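Structure first, commentary second.
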Amino acid sequence: MKSHLHGAIAAASLLDYVPASTFRAELAKLKKHAENAFLVTYWRLVKPKGTAQAHQRQTAHVQLVTETQAFKTAVLQYLNADVEEAVSGVFEAMPRPLPPRVELQIPPPTDPKLEEAQRRGAERAQRLAAELQRTTFARGLAKQDAAIQVAHATLPTLDSLVVGRLYTAVVRPAFQLERRLLPSVPEIALLSERLAAEARAELALWLRLVRLCVVAAVLGGIPYRKVWGEPFAASFQNQVIKDDEGVYGTSGYWLSGQLQALATDVRDQQAFAHTRDDVRENDWLREIASADDTASGTSPFPFARLLSEVAFEPGLWRSWARMHPRIDAASAPCRARLAVGAKGDISVGPDERGRTFPFQYERIPEHLWNPGSRDRKRLEGGPAPDHLFARPLAMDRYRLVKRNWDFWRGLHRGLAAKPAPEKDEGTLEARITAGSLEFGGAHPPHTAHRNGAHFDVVVRGVLPLTCKTKGVMLPGGEGGFTVVNQPAGKQAPGDSIFLLNEPEDPTMAPPEPVKLCAAFAYPVVAITYKDGGGTKALSPRAVAVKMIQCVLLTFPSQILFADWPTLADAWNQLHANVAMLVGSQDAQEDEDAARQLEECLRDAAPKDLPEERVHRCLVQDDAHNDHWHLSYMPHDLEQLPEGYENTLRWIGRKLPKLLK
């Protein structure tokens with residue numbers, strides 16, 4: 001039989017309970033299990049093969065929504081189960097009152113010779129009677145312990161109420177935990193009918209408390225921040241998952257609101273109010289659980305504080321970046337960017353929004369992402385794309401890209417590609433295929449698209465590229481080309497056109513050799529335009545060069561593309577065009593703009609792929625063979641370096657010479 005707790009508990013409780021340390025440890029294990037089980041299970045749904053496409057993450061999110069709504073209903077049913085009815089029959093089979101202790105009388109001996117024998121026989125009879133009484137009493141106690149388990153089994157369990165794959169795994173250990181925390185019946189509870197009734201009431205109180213603590217542990221364990229986009233390592237069902245990006249930003253943000261609403265509903269239940277009052281009024285319960293919303297320390301299990309945190313913290317977390325903004329100084333595009341501003345919980349700078357804290361972006365208007373027939377067919381009858389959101393200032397910068405591109409297309413009357421990939425794709429329009437999620441966070445498979453200033457852009461008919469020579473190990477590093485794996489939160493190589501002579505970061509992971517494609521081929525397509533009375537042709541590669549130049553003229557922080565020669569030619573040709581304009585401008589402010597642009601392009605891009613695969617903002621990446629990735633520094637968008645606003649206007653006036 002379990003022993004009494006010490007001190008006030010032993011003096012005030014009728015039943016025998018597990019030690020307070022055991023109670024706390026069991027619920028702490030449940031809380032950690034909830035975190036691991038949820039992360040691994042949902043990660044498997046979003047990234048079944050370690051990565052994810054749009055349809056996989058959106059399908060997983062729909063499943064999360066459906067199962068979470070059912071989970072909220074199940075939790076409230078579990079809390080409001082009729083515990084008093086379940087325990088009403090417990091202890092009724094107890095003797096009322098207990099039979100008095102039997103005392104055997106030893107008669108005076110009739111024969112002195114038999115005195116010793118009679119005395120020994122009487123003592124033996126007394127011992128047997130006492131043993132029989134103790135055995136009968138012990139059996140009664142065991143019956144009451146069994147009755148408690150039967151009463152507990154009649155209550156609905158959390159895992160029986162929860163449906164679906166996600167939350168079933170989370171709550172599966174709850175029933176066995178409740179079993180391990182059931183009390184046992186001491187002798188004192190069998191002494192009278194009044195004590196039996198008090199013991200029943202105490203058992204009902206205990207079961208309500210355990211259920212409330214189970215809910216607090218589960219809700220406190222579901223890691224909405226890590227789902228949204230914080231690094232994590234989780235172990236469940238013999239599988240360890242480590243992800244530096246999180247799982248899926250939209251799901252984490254939505255989940256935080258649902259957990260907040262559920263915790264608020266739990267705190268509004270009569271079961272919570274009554275249990276909290278009971279804990280406050282009973283010394284023996286205060287040793288086990290804390291009803292204080294601001295409880296500190298590690299002794300009593302803080303069920304009220306956990307529920308309070310889940311009811312209030314998600315709202316603060318979602319609005320933190322908006323409520324604590326910080327404006328970072330701009331980094332001049334032609335010099336190394338310096339770290340600016342203090343990072344952390346005090347304020348959130350432009351670069352941290354969407355990366356370390358959620359931040360709501362605006363939907364990219366349709367005319368800007370310009371869906372073609374392929375996009376419309378893919379989206380027909382389905383949910384709206386979840387990844388076409390961006391900062392307004394980033395959209396303004398992309399509008400300049402589109403302005404540049406449409407201007408260049410306008411210079412080539414009747415520009416068309418044949419055969420066209422789709423019936424309306426032959427005009428070589430630029431189309432955004434991905435931006436950011438609405439609230440930032442993890443965006444599989446686009447690990448970088450978190451801060452509302454990243455775009456994937458395609459010109460169908462010019463892309464995709466195909467690898468002409470597969471599996472070639474390019475030189476660099478030990479045994480082949482090396483890539484530096486960046487730790488979470490670190491700036492990727494070439495993350496800014498403004499970076500020069502970056503110092504090595506000792507926290508970076510060691511380089512890994514990778515196989516790259518040695519050469520890419522453009523699609524076989526005829527691109528023609530009208531020139532005077534005739535027709536001229538352009539190669540897809542020449543068109544790709546112009547697209548990259550249109551992007552470069554908007555001061556991006558990064559352009560990723562698979563074919564390095566195309567990137568290098570675009571850079572060097574644009575630099576040559578700018579150099580011809582330097583020294584020939586009429587106004588001083590125009591001359592300053594020309595020199596400012598030339599300064600940004602001053603270092604010629606090497607013809608051969610550099611070992612780091614990076615030149616200023618140009619980054620070679622085999623995975624970007626069917627689109628260009630372009631991004632901007634958020635702090636530069638919010639506070640453009642001095643003079644660059646004029647430079648952007650000057651570029652708009654000089655497009656005919658810059659894009660010739």
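The values are calculated or read from the model by the stated rules, or taken from the named source; none is laboratory data. These numbers were taken from a predicted model, which means no experiment stands behind them. Positions of Cβ are backbone-derived with ideal geometry, glycine not excepted, and every protein chain shown enters the neighbour counts. In case anyone asks, the SASA skips ligands and DNA or RNA and just uses the protein heavy atoms, side chains included. Shrake-Rupley method; radii C 1.70, N 1.55, O 1.52, S 1.80 Å.
Pairs exceeding 28 Å between alpha-carbon atoms, taken from 468/654; 530/607; 402/657; 49/546; 31/242; 402/530: 468/654; 530/607; 49/546.
Tell me, what is the per residue accessible area of segment 531-639 in Å², probe radius 1.4 Å? Walk me through the numbers before you get to the answer.
On the way: 4000 Å² over 109 residues.
Solvent-accessible surface per residue comes out at 37 Å².
Most tightly packed first, judged by the mean number of other beta-carbon atoms within 10 Å of their residues, the peptides 581-589, 390-398, 627-635 read 627-635, 390-398, 581-589. Ranked by the mean number of other Cβ atoms within 10 Å of their residues, highest first, the peptides 167-179, 531-543 come out as 167-179, 531-543. For the set 614, 551, solvent exposure ranked by accessible area (probe 1.4 Å, protein chains only) runs largest to smallest as 614, 551. Comparing 634, 534, 597 along the charge dipole axis of segment 533-660, the residue lying farthest to the positive side is 534, per the Cβ-charge model. Protection proxy ranking of 227-234, 410-417, by the mean of other Cβ atoms within 10 Å over each peptide's residues and highest first, is 227-234, 410-417.
Counting only protein heavy atoms and using a 1.4 Å probe, what share of the accessible area of segment 513-660 belongs to carbon plus sulfur, as a whole percent? Walk me through the intermediate numbers first.
On the way: 2950 of 6040 Å².
Ligands and nucleic acids excluded, carbon and sulfur give 49 percent.
Note on residue 366: accessible area is roughly 100 Å² with a 1.4 Å probe, heavy atoms of protein only.
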